[in-house]
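Contents: one structure, followed by commentary.
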Amino acid sequence: MSDKIIRILHLYSNDMNIYGDRGNILVIKRRLQWYGYTPEIVEYNPGDKFPDNINIVVGGGGQDSGQNKIQKDLLSIGPKLIELANTGTPMLVICGLYQLFGKFFKTSSGEIIEGIGLLNIETFGKSERLIGNIVTHSQQFGDIIGYENHSGQTFLGNNVSPLGQVRLGAGNNATDISEGVIYKNVIGSYLHGSLLPKNPAIADFLIKTAVINRYGKFKTINIDNHFTDLARQTALKRPR
Ligand code: GLN
């Protein structure tokens with residue numbers, strides 16, 4: 001085992017973790033090992049002490065009720081997460097936590113769930129859910145493939161950029177073909193599936209950034225992505 005440790009904070013692993021989002025943690029863990037690092041996963045749930053020396057932050061999606069359950073605690077750790085983002089910590093937040101890293105999520109029943117405002121985005125719940133397979137494209141990561149299921153429609157403010165442009169599916173909202181967000185080293189996205197097993201370029205971005213932040217340099221090696229590529233090819237042919 002390598003003595004080079006990378007610490008991954010898994011935010012709200014009990015309540016914000018649907019459609020296989022835990023797979024994102026498994027991919028980061030395994031690829032870190034392949035690159036020669038020792039991953040340490042720290043699960044964080046409401047009331048826990050906020051851990052030190054975190055190198056990557058990952059959080060998943062959840063029902064509106066799950067978002068309500070964690071919201072008070074999330075607001076209490078918001079300043080710590082913002083400080084980590086400001087110092088370049090890579091983060092990946094999916095769907096429910098993506099929304100709550102923004103300013104607010106106004107649910108379809110009219111309730112406002114306040115977010116931490118790390119991302120300049122606003123989300124409005126609609127009666128019609130956006131559900132199905134989704135493919136987007138980004139210059140940095142190529143085709144990004146996943147599955148979406150959300151009532152919230154998210155609109156980006158200034159100083160944040162979309163993660164990708166939608167080729168199949170809906171994305172952030174039903175109107176502007178943007179999907180997800182990238183701000184500093186923070187990535188937000190609606191894509192479950194989970195995201196990272198089929199999109200290792202994003203996993204490698206998080207890993208490389210974390211390693212450079214902690215150890216100053218990152219030496220890449222060739223990882224055999226044969227099965228990933230086959231999964232991507234199949235997923236790209238699926239109908240919505
Ligand atoms: N409850 C939120 C919505 O419906 C988030 C859903 C999710 O995380 N899949 O928009």
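The values are calculated or read from the model by the stated rules, or taken from the named source; none is laboratory data. Values in this document were obtained by computation on a predicted structure and should not be read as measured data. Methodologically, a virtual Cβ is constructed for each residue, glycine included, from the backbone with ideal geometry; neighbour enumeration extends over all protein chains shown. Keep in mind that these areas ignore ligands, DNA and RNA; they rest on the heavy atoms of the full protein, side chains included. Shrake-Rupley method; radii C 1.70, N 1.55, O 1.52, S 1.80 Å.
Sort out which residues of the range 183-217 are of a type in the set (Phe, Trp, Tyr) and either open to solvent by 40 Å² or more (accessible area, probe 1.4 Å) or out of contact with any helix residue (DSSP H, G or I) (no Cβ under 6 Å at 6 or more places or on another chain) (or both), and write them in order of number. Can you show your working first?
Here is the first cut: in the range 183-217, the residues of a type in the set (Phe, Trp, Tyr) are 183, 190, 205, 215.
Matches in the range 183-217: 183, 205, 215.
Just checking, does the range 74-86 include any residue being in contact (Cβ under 8 Å) with a residue 40 or more places away in the chain and within 15 Å of the chain's Cα centre (by Cα)?
The initial filter retains those residues of the range 74-86 that are in contact (Cβ under 8 Å) with a residue 40 or more places away in the chain, namely 74-75, 78, 85-86.
Narrowing further to those that are within 15 Å of the chain's Cα centre (by Cα): 85.
Yes - at least one qualifying residue is present in the range 74-86.
When the range 16-38 is filtered for residues that are at pLDDT 95 or above and open to solvent by 20 Å² or more (accessible area, probe 1.4 Å), the ones remaining, listed by number, are 22, 26, 27, 29, 30, 33, 34, 35, 36, 37. Going through (1) assigned to a loop (DSSP other than H, G, I, E, B); (2) on the phi < 0 side of the Ramachandran plot; (3) surrounded by 19 or more Cβ atoms within 10 Å (Cβ to Cβ) one by one, residue 171 falls short only on (2). Got a number for residues in the range 108-138 being hydroxyl-bearing (Ser, Thr, Tyr), assigned to a strand (DSSP E or B) and loosely packed, with under 14 Cβ neighbours inside 10 Å? Qualifying residue count for the region: 1. Out of the residues in the range 69-87 meeting the condition of being open to solvent by 60 Å² or more (accessible area, probe 1.4 Å) and out of contact with any Gly (no Cβ under 9 Å at 6 or more places or on another chain), tell me which one is farthest from the ligand (Cβ to nearest atom). Among them, the one singled out is 87. Of all residues in the range 17-39, those being within 26 Å of residue 149 (Cβ to Cβ), in contact with a helix residue (DSSP H, G or I) (Cβ under 7 Å, 6 or more places away or on another chain) and without any contact (Cβ under 8 Å) to a residue 60 or more places away in the chain number 0. In this structure, residue 14 does satisfy being out of contact with any helix residue (DSSP H, G or I) (no Cβ under 7 Å at 6 or more places or on another chain), within 16 Å of the ligand (Cβ to nearest atom) and outside any helix (DSSP H, G or I).
Give me the pairs: first residue in the range 161-190 and under 22 Å from residue 128 (Cβ atoms), second residue among the acidic types (Asp, Glu) and away from the ligand (no atom under 16 Å from the Cβ), beta-carbon distance under 8 Å, and six or more apart or on different chains, which are they? That search, which allows pairs on different chains as well, returns 167/143. Picking from residues in the range 88-112 that are farther than 16 Å from residue 156 by Cβ and within 19 Å of the chain's Cα centre (by Cα), the one that is farthest from the ligand (Cβ to nearest atom) is 88.
More than 16 Å from the ligand (Cβ to nearest atom), within 16 Å of the chain's Cα centre (by Cα) and outside any strand (DSSP E or B) - does that describe any residue in the range 143-160? Yes, some residue in the range 143-160 is more than 16 Å from the ligand (Cβ to nearest atom), within 16 Å of the chain's Cα centre (by Cα) and outside any strand (DSSP E or B).
Inside the range 43-68, can you point out the residues that are more than 16 Å from the ligand (Cβ to nearest atom), part of a strand (DSSP E or B), crowded, with 19+ Cβ neighbours inside 10 Å and not β-branched (Val, Ile, Thr)? Reasoning before the result, please.
Of all residues in the range 43-68, those more than 16 Å from the ligand (Cβ to nearest atom) come to 43-57.
Next cut, part of a strand (DSSP E or B) only: 43-44, 56-57.
From what is left, the residues that are crowded, with 19+ Cβ neighbours inside 10 Å are 44, 56-57.
Once the filter is applied, which keeps residues that are more than 16 Å from the ligand (Cβ to nearest atom), part of a strand (DSSP E or B), crowded, with 19+ Cβ neighbours inside 10 Å and not β-branched (Val, Ile, Thr), the range 43-68 yields only 44.
Taking (1) away from the ligand (no atom under 11 Å from the Cβ); (2) small (Gly, Ala, Ser); (3) farther than 30 Å from residue 234 by Cβ in turn, residue 138 satisfies each apart from (3).
Checked against (1) in contact with a helix residue (DSSP H, G or I) (Cβ under 6 Å, 6 or more places away or on another chain); (2) under 20 Å from residue 28 (Cβ atoms); (3) not β-branched (Val, Ile, Thr), residue 180 passes all but a single condition, namely (1).
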